[in-house]
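Below is one structure, written out as structure tokens, with a few remarks after it.
None of the figures in this text is laboratory data; all of them are computed from the coordinates on show. Bear in mind the structure is a predicted one, so any value in this text is a computation, not a measurement. Quick reminder, even Gly has a Cβ in these numbers, built from the backbone with ideal geometry, and neighbours come from all protein chains shown.
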Amino acid sequence: MDMGDLMKQAQHFQQKLAQIQQELGGKTVTGSSGGGMVTATFNGRSEMTGISIEKEVVNPDDPQLLQDLVVSAVNDALVKAKQLGQTEMGKLTGGMNIPGLF
């Protein structure tokens, strides 16, 4: 394999990577806590796009409960977003885990 072929392969890889990253921006995952009382929505690029809190969990006398539910829902959604990204990137890398890629 000569240097020209290697450069073409690298460019193709970069193009596919950019395409997957763009597609991930259009996919969403939702994490929840408290039996669905708090939900957090993220896109496939791990960007938070929304949060929903049922009014029943808003208690001025117990703000810690709401804080815990929000953290739990966000963490749940982040795990799902990361898994989605790894699955999509795995299609590009043939399942190889390349550190720093996602």
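Things to note:
- Degrees, to the nearest 10: 63-93 long Cα axis against longest axis of the chain: 20
- In plain terms, if you count all Cα to Cα distances in the range 27-85 and split them into 5 Å steps from zero, the share in each step is 4, 24, 30, 19, 13, 7, 3, 1 percent.
- Counted charge near Leu84, where neighbours are those whose Cβ lies closer than 15 Å (Asp, Glu -1; Lys, Arg +1): +1
- Residue ranges 48-57, 67-76, 3-12 sort as 67-76, 48-57, 3-12 when ordered by packing (mean number of other C-beta atoms within 10 Å per residue, highest first).
- Going through (1) 181; (2) 95; (3) 159, the figure that equals volume of the Cα convex hull per residue in Å³ as computed for the structure here is (2).
- Projecting the Cα atoms of Gly26, Ala10, Phe42 onto the charge dipole of the chain (Cβ charges, centred on the Cα centre) puts Ala10 farthest toward the positive pole.
- When you restrict to C-alpha pairs under 8 Å that are six or more residues apart and normalise by the size of the chain, the relative contact order lands at 26 percent.
- Our summary gives the range 27-85 a relative contact order of 43 percent, counting only alpha carbon pairs under 8 angstrom and 6 or more residues apart.
- Over 21 Å (Cα to Cα) - which of Lys27/Lys91; Lys27/Lys82; Lys8/Lys82; Lys16/Lys82 fall in this group: Lys8/Lys82
- Summing Lys and Arg as +1 and Asp and Glu as -1 over all other residues whose Cβ lies under 11 Å from the Cβ of Ala40 gives a net charge of 0.
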